[in-house]
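Q: Structure in C-alpha cells, see below.
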Amino acid sequence: MIFSLQRRFLLLLLLPVALVLIIVGVTGWMYARSFLLSQWIENTRVKLEKVGHQVTMQLNEKLDLINLIAKANDLPNGGVTQAFLIQQLTEKDGVRFVDVEVPDPWEENVQITTESGSFGSGVVEGLYTMELCGDFGFCAPMMDPGALDRSLRIVKILGKHGGPLKRLTVRISFDSFLNPIRSMGLIPGSSACLVTSTGQFLAHTDKSMAGRKRMGDNDDPLEKRVLEAIRHNAFGTLLGSGHPPAQVAGFYKIPSLNWYIVVFSSGREVLAPIVNSRFYYTLAGLICLAVILLLIRATTRSVGRSIAEISAAAGKVEAGDYTVRLPEDGEDEIGQLRRSFNKMTEGLKQREMIEQTFGRYVDRKVAEELMSRPEALRLGGEKRTVTIMMSDIREFTSMSEKLEPEEVIKLLNRYFARMIAVIERYRGIIVDFYGDSILVFFNGIETEVTERAMDAVRCALEMQHELKRFVTEKVSENVSVLHMGIGVHTGEVIVGNIGTESRAKYGIVGADVNLTDRIQATASAGKVVISEKTYELISEKLQVSLEFNACLKGVEDQKQLYEIEAINSEH
C-alpha cells in the first residue's frame, strides 16, 4: 500500500534527509572545488615565478662567464684565464657546446640558421647575437651537432682595439631549463614545457610530446586556449572540459627571455582531495540513509504491527464482537491507545447490552431516534401531526380464561411477533402494549402526513390478513379462531419523553390517542375503521365498505367513521 505508515515515514523523513545531504554535498563540493582551484592557481603562480627566476639566474650565470671570457681575450697572456673560464662554462648544467674560432677575413656578417629558418642578425663587435632579448638573441630550436636535444646558440664576437677578432659560440640545451620545473614538485601526472610567445616548443618533460613543434598543432582545445592566453597575459590558468576537468593548465612568462613556462596537470589529481571526499561523502551519505532506513523500519514495523492489530480488533468490534481485548503492555502512546481501546469495547459492550434490553421494551426506531438525537432524551416533547393506530383482539379475556397462563403468554408472544413484523415493514413506531392491544403511531415528521396516513391504513389491513394466516397455523388446540378490530385516526399529539429523570417513557400524549381507542372499539371483528380526518387525507385511495356515525365514549358530538374494505388497485 503506497500510503502505509512505513512508506509515509520513508517519504516524509528519508526524502528530506536525502535532499539535505545532496544539497550540502553539492554546495560543499562546489565550494571545495573553488577553494582547491584557487589554491592550485596561487601555488602554481608562486612556483612558476620561482622557476622563472631560477631559469633567468641560470642563463645570467652563463652569460656572466661569457662576458668574463670576452674580457680575458683582451688581457695580455689571457689565454690561460680564458681557457679556465671556458672549462668552467663547459661544466655548467645544460651547456652542450663551446667553441672559439677566428672568422674568415672576408666575413662581414654572421648569419645564424636553424632548422626552422633564419634567426640571425648582423654581427657587431662586442654584441651578442641574441635577437629577441636585448644584447642576446637566440636561435631556437636548433639541433646541436652530436646533441640529442634542442639547444640555444649564443654567439659573441671577441676582440677590441683593432686586435684579431674571435667568435665565441655557446650552445645550451633547452632541456636544462626544465630542471627547476622538475624540482618544484609537480602534481603526479603533470607535464611542463617551455615555449615561445608564438607557441613554438623549446623543451618539454612529457616524452609523448616528442616530435611536436608547436603548441596546439594536435587540435587540443585546451592547448589552443593556452596559446591564445599567452599572447595577452603574463600569467594565467585555464580549466579543461569535464567535472572535474580532465586537465588544468597554468603558464608564466619569463620576462628576461620572452619565454613561457606552461604546466599541464590532471584535474582529477588537482581536485583529488574533493574527488576522494566526494566518494567518501557519498558512501557516508548512503550509510546514513541506510541507518535511517533501518531505524524507520525497526520503529514503524512495531508501530505498524500494533496499529494493524488494533485495526483488526476494531474490525471485529464493528462486526459486533465486543469480547476482543488487546494486551495493555507498554507505557508509550501505543500502550495508552490499547488501554483506551479496551475501555471503549467495554463501553460498547455495555451499550449494546442496554440497547438490546432497551429494544425489548421500546420500539427499535424509537431507540435509534433516542440514540441519534441526544435532545430527544430530555423530558418533554413537541407537537406533531401523526396517524395513530390501535388494535385489539376481540373476546380475548374470555378466551384466556380457558387457557393456562403459560399458553396465554405463548399465544400472545407469537401473535405480537407476527404483528410487530408487519408494523416494522410500514415504519410504524410501537408506543406500548396494553394486554392484547397494540398502540402504534406513524411519525409525520419523516415524510408527508398523507403518506404516513396511507402507511397506517395499509399496515392495518395487512395485520388483519396476517392474523388470518396466523390462525390457520393452529396456534393452539384450544383456540380455533382469533378476531381483531383496528382503529386509525390522524390528529395532533405531543411526542416525547414522559416520566422523570430516573425513569421515562417515549410515547404520545393527547386527546386524539383516547379518540383512536374509541374508534378501535367500534370496529367489528376483522375490520379496520378510520376517522373522518384520516379519510379526508386519503379518501380517493380507499375502498369503503361502510360509512357510519357513532357516539364515542367521552366525546360529545357524533363522529363519522369509515370501515375500509381495501386499497384501490391503482394505489
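Q: Of the residues D217, D175, which single one is more than 30 Å from G28 (Cα to Cα) and in a loop (DSSP other than H, G, I, E, B)?
A: After ruling out the rest, the residue left standing is D217.
Q: Pull up segment 485-533, narrow it to residues that are among the aliphatic types (A, V, I, L, M) and not in a strand (DSSP E or B), then point me to the one that is farthest from R384 (Cα to Cα).
A: A525
Q: From the residues in segment 182-231 that are modelled with pLDDT under 85, within 49 Å of the chain's Cα centre (by Cα) and over 16 Å from R45 (Cα atoms), which one is surrounded by the most Cβ atoms within 10 Å (Cβ to Cβ)?
A: G189
Q: For the structure I just gave you, tell me whether P245 is modelled with pLDDT under 85 and either more than 20 Å from S176 (Cα to Cα) or buried (at least 18 other Cβ atoms within 10 Å of the Cβ) (or both).
A: yes
Q: Among the numbered criteria (1) under 17 Å from L537 (Cβ atoms); (2) at pLDDT 85 or above; (3) buried (at least 17 other Cβ atoms within 10 Å of the Cβ), which one does M390 miss?
A: (1)
Q: If you don't mind, another one. If you check V170 against the conditions, is it in contact (Cβ under 8 Å) with a residue 60 or more places away in the chain and in contact with a strand residue (DSSP E or B) (Cβ under 9 Å, 6 or more places away or on another chain)?
A: Answer is yes for this residue.
Q: Shifting gears a bit: Determine the pairs where a residue that is closer than 18 Å to I181 by Cα and assigned by TED's automatic domain parsing to the domain that holds I254, located within segment 194-212, has a partner that is in a strand (DSSP E or B) and of a type in the set (S, T, Y) with Cβ atoms under 6 Å apart, the partner being 6 or more residues away or on another chain.
A: Within 6 Å, the pairs are V195/Y260; T205/S191; D206/S191.
Q: A follow-up question, please. Any idea which of R301, R338, R268, R297 is farther than 20 Å from L13 by Cα, modelled with pLDDT under 80 and not assigned by TED's automatic domain parsing to the domain that holds L14?
A: So the residue among R301, R338, R268, R297 that is farther than 20 Å from L13 by Cα, modelled with pLDDT under 80 and not assigned by TED's automatic domain parsing to the domain that holds L14 is R338.
Q: Among the residues of segment 75-87, is any surrounded by 15 or more Cβ atoms within 10 Å (Cβ to Cβ), part of a strand (DSSP E or B), modelled with pLDDT of 80 or more and over 60 Å from the mean Cα position of the chain (by Cα)?
A: Scanning segment 75-87 turns up no residue that is surrounded by 15 or more Cβ atoms within 10 Å (Cβ to Cβ), part of a strand (DSSP E or B), modelled with pLDDT of 80 or more and over 60 Å from the mean Cα position of the chain (by Cα).
Q: Sticking with this structure for a sec: Mind checking whether some residue in segment 160-178 is within 58 Å of the chain's Cα centre (by Cα) and crowded, with 17+ Cβ neighbours inside 10 Å?
A: So far as segment 160-178 goes, yes, one or more of its residues are within 58 Å of the chain's Cα centre (by Cα) and crowded, with 17+ Cβ neighbours inside 10 Å.
Q: If you scan segment 415-428, which residues turn out to be more than 20 Å from D455 (Cβ to Cβ) and surrounded by 14 or more Cβ atoms within 10 Å (Cβ to Cβ)?
A: Y415
The values are calculated or read from the model by the stated rules, or taken from the named source; none is laboratory data. All values reported here derive from a predicted model rather than from experimental measurement. So basically every Cβ, Gly included, is an ideal-geometry build from the backbone, and we count neighbours across all protein chains shown.
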